[in-house]
Structure formats: structure tokens, C-alpha cells
Amino acid sequence: MAARPRLGLAVLMLPTLLVSMDMFVLHFAVPELSAGLRPSAVELLWIVDVYGFLVAGSLITMGTLGDRIGRRRLLLIGAAAFAAASVLAAFSTSPAMLIIARALLGLVGASLLPSTLALIRTLFEDERERGIAFGVWVAVFTSGGAIGPLVGGAVLEQFWWGAVFLLGVPAMALLLILGPVLLPESRDPDPGRLDLPSTVMSLLAVLGIVYGLKRIAVDGPDLVAVLAALGGLAVGAVFLRRQRTLAHPLIDLTLFRSARFNVALVAQLCVNAAWAGTYLFVTQHLQLVAGLTPLLAGLWTLPGVAAGVISSTLVPRLRGRLRPELLLAGVMAVSAAGCVVLATAGTGLAAVVVGAALVMAMASAIVAVSTDVIVGSAPPERAGAASSISETSSELGIAFGVALLGAAGAAAFRNALVAPAGIPESALGTLGSALDAARGQPDAAGFADAARGAFLTGMHTAAWVGAVIMVGAAVTALISSRRTPERVHEG
């Protein structure tokens, strides 16, 4: 890689790291935040969740907006707005003010991610170098998810809860200084008019689906959750039909004519589903079965993060030697193996840590390769829109995985756990609630062991579902490989 693109890539890692960190940095601040602002239970849920909802719902619009006004311009506008919204969040004086600030952070955060991916597409014309650069992007994004809670915890030991939001302000200021110097501007030379009804529909469709799936994962398939998910799907169908009639659509549907593009999307959606769904159980296992503190549990996830960083930087280098479909199929098979390790794990740490590390490492590698395929398949003028499709696929995969694997594991847990007399069924929804209920029982230790055993049954069930998803995606990639003309890659 030439020096200037490498420096530009380094600059792009600033917003990538911060957007990832902001998804998790608030978790350790919740107790202090609750004591300071005294939000209701509903307000607290929105404070935690609204950021991710707005990121997911706004990606498509922001990616296309970058194609129209310039990706560097949108990135710099987003950086300035992100810094301002961070300050607003840090000094919020009421729950409503913090919810608004977090919503603004999600909205402008959605402008940063597609812009960084599209600018990588511009910075690196060589396919091999571009693949490596996307791997670096995934590695940094993966690291942010681990660094966020740890850095947040360290900051809270010295400062008030609002300080966690100020971490990104200096980095965004640095981006505003270096971005105009090291990043090239790129845009669609003939973008056409931005279709406002399409932007609204894309937001409502993704928000409805993500909200519905997340609520199903937490509370089960109640009426509100099902209506939200179905409503999102319905709006999404209308949105896609509208795109076919527009001269300048928000999403270029011709991209989906490429089998390679579709396989990459499926791989990204499936691996995020398997990772998110199994990780939901791994974090509970570490704390409630293995008995670790939250901090130690977080530290035991670091091997998976380290493996993800390594795999996302090394696996893309194989793209010059293997066709993308074959490479994705092989990595997805290893991810399925990680799910199998989790599906056979006991109460000890070793198998859980190894299985989780395999799943996380392969997820990072798959996202790196599939992102390269998705963004690289699009013409340069549509790089922002393709980047937003890639990111939206990941967000939907995460929501789908948490809902599907979470529901499968929860059902297996409930079926395996027999409640003794005196314990209501409502106390057996999760391992945490079952352990709380066990404290008042004559045979508390025996019921607690039974609850942990039932949880293992649930985790094993969820992991088997994840393995089936990954095997199915791998087979799909292999079939597609036989139908897709081979293209010579430059090594």
C-alpha cells in the first residue's frame, strides 16, 4: 500500500472505532446514570436502545446521501454532529434529553459507517489492497465492541457517567483536521434527486423489523412485537416496489442480479445471526453458570476479540487465491464448528471460550470478505449505497439471530426446568430470574443446579440452530460457486 492511502485508512478508523464503542460504552454507566437522572424502566430501555435503532434505520439513507453530496463531506458533517451530540448527551439533565441526544448520535453515527466503507473503496483501487483494508476496518470495529465497556468502566472510576460520551470528541476533532487533507472526495457525478418518501419508508421498514425482532427476543412474540415486525416487512415490500419505478432509486436493485453479491449478503446476515444469538448465551454462561464477575466475564471474551482481529486481517489476503464463494464457504464451516463446540460445552470455561472465539473470529473474517465483495461489486458512483446495504444486512442479521436463537434457547430452557411448588412460572423466564427465585426455596442449591442445567440445554439448542444456519449458508455459497463464472484475481 502507498503511504497516502494508508494514512487515509488510519484516519477512517477514528469514526469506525467510536461508532462501535458507542454501541456498548453505556452499559457500565447504567447504574450511575440511573442514580443521577432517575429514568423510568421504559426510559432506561430507550436510553440504551435508541442509538442502535437509529443507526440501523438510517444506514440506507445515509449511504445514498453520501453518494449524492460527497462521502468525505458527509463524513465530516457527521463527525462534527457526532461531537456535538456527544456533548449534549454528556451534560443531559433529564432522561428525555439523553434519549434525544442518543437518537441524534445514532442518526449521525449512521452517516459515518457507510462513508468510511465507500472511501476505502475510493482509496484502494487494487482489489487485494482493498480487501486487506476492509479487513482492517472490521478488526477495528470488532475491537471497539470490546474496548467500549472496558474503557467506559475505567472512566467511570474517575469521572461522572456523562464522561463516557466525551471520549469521542477529541477523535472527531482530529478527524475534522486530518480528513480534508488525507481523504479524497468522491461522489456520484449524476446522482439525481433524493426521493424523500423512499428515505422515510427505509427508516420505518428497518426500524419496524429490528424493533419487532428485539422485542420478541426479550418478551416473546406478543402482539406489539409481531405487528411491528410485520409492519416493517410490509413497508419494506412497498419500498422495494417503489425503487423499481424511480430513475434514481435509493437502492440500486440491479446489484442483486449478481449471484456473488447475493451470496455475500446472505453470508453476512447469517454469520451475524449466529454470532449474536450464541453470544447472548455465552455472556450469561460466563456470569451465571461459571460464576464470574461482569468485569472478568468481559475479559474472558477478549480471546474471541483477538481472534477476530487476526482473522479479519489475514483471511482477506486469501481472496487472490480462492474464489470468494469458496472462501466464504470454508470460513462459514469453521464458524459452524464453533457453534458445535458451544452446543456440547458443559459448565467449564474452556469449551465456551474456545467455541465463542471460533464463532467471533469467523464472523469477523466473513464480514471482512463479504463487505469487500458487496462494496466492490458496485460501480464507484454507488459505493455509498452498497456500503449501506452491507451494514443494514449486518444489523438485520444481529436482530434476527437474537430473536431466533434467543427464542429457541429460551423455549428449551423452560421445557427442561421443572418448577417446584411455590415458584410461579413467571419467575422461570430466564436463568437470572430462576436463580433469584431459588434463594427462597428449601433446596435452594439443588434448584439452582437444575436451573443451570436447564440453561445449558437452552444454550446447546441455540448453538445447534446457529450451526444449522452456518452450514446452510456454506452450502449455498458452494452451490453458487459452481454457477458463478470464475474471475481471475490479482494476487
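What the table shows:
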| quantity | calculated |
| --- | --- |
| Cα gyration tensor, the stretch 11-142 - rounded (a/c under 1.5), prolate or oblate | prolate |
| Burial ranking of peptide ranges 58-69, 78-89 (average Cβ count within 10 Å, highest at the top) | 58-69, 78-89 |
| Listed residues H285, H248 arranged by accessible area, highest first, probe 1.4 Å | H248, H285 |
| Relative contact order %, the stretch 132-251, counting alpha carbon pairs below 8 Å whose residues are six or more apart | 22 percent |
| Length gained when the stretch L302-T245 is fully extended (0.36 nm per residue, less Cα-Cα span) | 15.7 nm |
| Computed lengthening from L230 to A3, 0.36 nm per intervening residue step minus Cα-Cα distance | 76.8 nm |
| D49 versus T344: modelled label distance in nm, points set 7 Å from Cα along the beta carbon direction | 3.7 nm |
| For the chain, calculated [θ]222 nm from helices alone, where every DSSP H run of n ≥ 4 adds -39500 (n - 2.57) | -27000 deg cm²/dmol |
| Normalised contact order of the stretch 59-108, rounded percent, pairs of Cα under 8 Å and 6 or more residues apart | 32 percent |
| Quarter of Cα convex hull surface for the stretch 276-364, i.e. mean projection, nm² | 5.5 nm² |
| Distant alpha-carbon pairs in the chain (separation over 41 angstrom), percent | 16 percent |
| Loop-located trypsin sites (Lys or Arg not before Pro) in the stretch 140-247 whose Cβ has at most 16 other Cβ within 10 Å (DSSP) | R193, R244 |
| Probe 1.4 Å, protein heavy atoms only - accessible area per residue of the stretch 270-380 in square angstrom | 32 Å² |
| Within-11-Å neighbourhood charge of L182 [Cβ basis; K, R +1; D, E -1] | +3 |
| Computed FRET value (nearest 0.05) for M97 with E32, which takes r as the C-beta separation and R₀ as 22 Å | 0.85 |
| Tail fraction, Cα-Cα pairs, the stretch 254-323, threshold 18 Å, whole percent | 59 percent |
| Angle between the chain longest axis and helix 196-219 axis [Cα atoms, degrees, rounded to 10] | 20 degrees |
| Length-normalised contact order for the chain - Cα pairs under 8 Å, 6+ apart - percent | 22 percent |
| Assigned charges on the beta-carbon of Lys, Arg, Asp, Glu; the chain dipole about Cα centre (debye) | 1040 debye |
| A445-V200 pseudo-label distance in nm [points 7 Å out on the Cα-to-Cβ vector] | 6.4 nm |
| Most to least packed among 169-182, 358-371 [average Cβ atoms within 10 Å] | 358-371, 169-182 |
| Packing rank of 134-146, 257-269, where each peptide gets the mean count of other beta carbons within 10 Å, highest leading | 134-146, 257-269 |
| In nm, spacing of pseudo-spin labels at A419 and E125 (7 Å Cα→C-beta vector) | 6.7 nm |
| Cα gyration tensor, the stretch 226-379 - rounded (a/c under 1.5), prolate or oblate | oblate |
| Segment A411-A80, extension gain: residue separation times 0.36 nm, minus the distance between their alpha carbons | 114.6 nm |
| Whole-Å semi-axes of the stretch 177-301's equivalent ellipsoid (Cα gyration tensor) | 36, 24, 15 |
| Nearest 10 degrees, 0 to 90: helix 349-377 Cα axis against the chain principal axis | 20 degrees |
| Sites V238 and Q158, calculated FRET efficiency, Cβ-Cβ separation with R0 51 Å, nearest 0.05 | 0.50 |
| Rounded tilt (10° steps) of 444-483 against the dominant C-alpha axis of the chain | 30 degrees |
| Nearest-0.05 FRET efficiency for S258 and T283, computed from C-beta distance (R0 51 Å) | 0.90 |
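The values are calculated or read from the model by the stated rules, or taken from the named source; none is laboratory data. Not measured: the values here are computed from a predicted model. Glycine also receives a Cβ, built like all others from the backbone with ideal geometry; neighbour counts cover every protein chain displayed. Heads up: the accessible areas ignore ligands, DNA and RNA and are worked out on the full protein's heavy atoms, side chains in. Shrake-Rupley method; radii C 1.70, N 1.55, O 1.52, S 1.80 Å.
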